[in-house]
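Every number here is computed from the coordinates shown, using simple stated rules; none is lab data. Predicted model only: the values in this text are computed from it and were never measured. Cβ placement follows ideal geometry from the backbone for every residue including glycine, while neighbour counts extend to all protein chains displayed.
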Amino acid sequence: MSDVEKITEADPRVVDLAMLASHNANTYALDNFNGLSGEVDKGMSALYRTAWGLMYRYIKNQVSNIYDQLCQGARFLQFRCSYQDGELYGSHTVIDRPIRTYIEDVLRFLQNATGEIVVLDLRIRYFDDRTVADAARELFDISYDGHTLKDYIPYEYVSSGDLTYNTVTRNGKSSGAVVLFDLISSHGTKDWFDQTLEYDGKFYVTSYMRWVNFDIPGGGGVISDIITDVGHNRMSEAAISEYNDGMYDWIASDFELHKNNFRILQVQSTPSVNDPLETFGAWSLACYAKRHNAAMLEHPNFDKWMKFMPIVLFDFVTTSGGDFNRKINEKISAYNRDLVQKLLSTSA
């Protein structure tokens, strides 16, 4: 973000900035010595005991540590978490490392960077006997080199839509953080709503996510379905074929309702039933991302959707497969430069 000329002059809203988002950023640390998290059921426990290798392929979304993800352009980090023995851990069916491990990397990056924004999205899947307030307290008490996340949150609560680049970065003079808690899943409801949480009398975390997911089985380059978690509706292939380019209009028509929220386009390639040998013999989330992430950027509707959902969420965000990491960072920089120019033109 800091490389975008005149970004402080334009002062864009944070929710309108394009960002590379890391899907389950913490999962780089998973290995087969970790136990199951409290979120899993008995069926998953049985699978863990009998087919760890297969299960492992489905739960490891990232390969590089958090600091390296940030250095290679990720600015929105999704953490899947669970409580274990009174402490918050990263997880994805399996427990990995304490949340402290990841936040220390974030703090190290924020300390060394200027004019950057890092958004942390904590999705707590198992609380045991803890609360969201406990999680916030634990998160904000983590320190690196004498600094905590509170040092990078120079603002009191404002709504997501009112949070601007200059507010978070002190007019570009330092880096800043935005913290989101997934209060919806934490409270066990499928209704989507805006909530705030007060912490320490000053700092708030807010949760409201807008997702549109397109899934490319086998990386074939065609959309099989679009899932919108608002209402948890799945649109059939036939419906999408009928809409075709009209899907752009469908997304655009819903924009006004969600324009003040963080809007995330999740892009993920999954195994194909047409190729069982690859699916069960060589498939993993990371392998598929390495092979197909770059191709997804070429989808004819990608830029259209990014206009309304500028936060793009990928597996294996650091992969050089197909020159993906360079291409996505260039696309994001171009998007943000264009946003700044439009804002400056409007104000003029």
Q) Which pairs do you get when a residue that is within 12 Å of residue 260 (Cα to Cα), found in the range 8-29, comes within reach of a residue that is part of a strand (DSSP E or B), reach meaning Cβ atoms under 6 angstrom, with the pair 6+ apart or on two chains? A) 13/164; 15/262
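Look through the range 291-348, keep the residues that are basic (Lys, Arg) and within 24 Å of residue 67 (Cβ to Cβ), and return whichever of them is surrounded by the most Cβ atoms within 10 Å (Cβ to Cβ). Please lay out each step first, then the result.
Here is the first cut: in the range 291-348, the residues basic (Lys, Arg) are 291, 304, 307, 326-327, 331, 337, 342.
Retained after the next criterion (residues that are within 24 Å of residue 67 (Cβ to Cβ)): 326-327, 331.
Working: 326: 13, 327: 14, 331: 17.
Within the range 291-348, the match that is surrounded by the most Cβ atoms within 10 Å (Cβ to Cβ) is 331.
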Q. Out of 143, 174, which single residue is crowded, with 17+ Cβ neighbours inside 10 Å and among the polar types (S, T, N, Q)?
A. 174
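Quick one: in the range 79-98, of everything that is in contact (Cβ under 8 Å) with a residue 60 or more places away in the chain and farther than 10 Å from residue 27 by Cβ, which residue is surrounded by the fewest Cβ atoms within 10 Å (Cβ to Cβ)?
If we filter the range 79-98 for residues that are in contact (Cβ under 8 Å) with a residue 60 or more places away in the chain, which is where we start, we get 90-92, 94-97.
Next, only the ones that are farther than 10 Å from residue 27 by Cβ stay: 95, 97.
Numbers: 95: 23, 97: 15.
Across the range 79-98, the extreme among qualifying residues is 97.
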